[in-house]
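The values are calculated or read from the model by the stated rules, or taken from the named source; none is laboratory data. Quick caveat, the model's predicted, so the values are computed rather than measured. Note that we place each Cβ from the backbone using ideal geometry, even for glycine, and neighbour counts take in every protein chain shown. Keep in mind that these areas ignore ligands, DNA and RNA; they rest on the heavy atoms of the full protein, side chains included. Shrake-Rupley method; radii C 1.70, N 1.55, O 1.52, S 1.80 Å.
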Amino acid sequence: PAASSRYRKHGVYVVIGGAGGIGTAWSRYMIEHYQAQLIWIGRRSIDAEIRQKLDTLAQIGPAPRYIQADAGNLAALHAAYDDIKRSHQQIHGVIHSAIVLQDQSLANMDEERFRAGLSAKVDTSVCLAEVFQHEELDFAVFFSSAIAFEKVPGQSNYAAGSTFADALARQLAKTWSCTVKLVNWGYWGSVGIVSDAAYQQRMARAGLGSIEPDEGIAALDRLLNSAIDQMVVIKTIKPAETL
């Protein structure tokens, strides 16, 4: 257990992909415990789903501010950064939580589909490194996936993107003055892009349980306050066939 925390009361944190399941779970924790000022950056315009998340979080503290921008486009992310700096003198942390999951076997996947999954990790990671490199951050955290160490059918685009993001994060940990951490998440089954019943059954058959938000946040807190730069977080169960 950590004796202290890298999080600040009323700190300013940027979350690329913040409207996603894991980004929202982390945001809730930060608002509840630190009254954090959060800025979500996402490609889509504010729809009913995003609005509901913002309204729900507003009931417990300062609601995140949502900026529509493609973080994989350098000019767009620079513009979002400039917008943030007009309101906040310092940004204390940045989280990379962007993901595009488009499963399909490599034999049947066209280049456009492959690039979509790849870009969500590669382009956004490179642009993040470029835009935030001179900001006096307390930390930068890359949310990656355990798939970078596995061979999962249908997810070659996601695996390739995650592997690149991991390599870039490890390099930034050597060259940036702030703390740079990398967490390779296992399966989150109650929030996010793979929280439907079909995925839950698929993961259960493979012996993988769902990382619940409180478990994931606790693991991330330990990572941030340790000397470790990278951590794989998975939850195992007895495979469904043997239950």
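Under 5 Å from the amide H of Y66 lie the amide H atoms of W40, each residue being 5 or more positions distant or on a separate chain, with H modelled from the backbone and absent for Pro and chain starts. What is the Cα centroid distance between segment 53-77 and segment 201-243, reported in whole angstrom? Computed from Cα coordinates, the inter-centre distance equals 27 Å.
Here each label is just a point 7 Å from Cα along the line to Cβ, and for E136 and R51 those points are 4.0 nm apart.
Per residue, how much accessible surface does segment 1-148 expose to a 1.4 Å probe? Answer in Å², no decimals.
I get 46 Å² per residue for segment 1-148.
In terms of accessible area, using a 1.4 Å probe and ignoring ligands and nucleic acids, E32, E212 rank largest first as E32, E212. Among A129, A107, A167, the largest mean-square fluctuation in a Gaussian network model of the chain (Cα springs under 10 Å) belongs to A107.
Surface composition of segment 19-97: carbon plus sulfur atoms contribute 45% of the solvent-accessible area (1.4 Å probe, protein chains only, all chains present). Here segment 140-242 exposes an accessible surface that is 57 percent carbon and sulfur, computed with a 1.4 Å probe and the other protein chains kept in place. In a DSSP loop and with at most 13 other Cβ atoms within 10 Å, the trypsin sites (Lys or Arg not before Pro) in segment 135-201 are K151. Which one of R115, R86, R51 has the biggest mean-square fluctuation once the chain is modelled by GNM with Cα springs under 10 Å? Of R115, R86, R51, the Gaussian network model singles out R86 as fluctuating most. Sequence-distant contacts, meaning Cα pairs under 8 Å at least 6 residues apart, place the relative contact order of segment 69-207 at 26 percent.
Springs between Cα atoms under 10 Å define the GNM used for the chain, and in it the highest mean-square fluctuation of T124, T56, T24 occurs at T56. Across the chain, the relative contact order, built from alpha-carbon pairs under 8 Å that are at least six residues apart, equals 19 percent. Annotation: extensible slack from I234 through K174 equals 19.0 nm (criterion: 0.36 nm per residue apart, minus Cα-Cα distance).
Largest accessible area first, the listed residues I16, I99 line up as I99, I16 when surface is computed with a 1.4 Å probe on the assembled protein chains. Once Cα extents along the principal axes in Å is calculated for the structure shown, the corresponding label among [x] 52, 38, 32; [y] 53, 41, 41; [z] 57, 49, 28 turns out to be [y].
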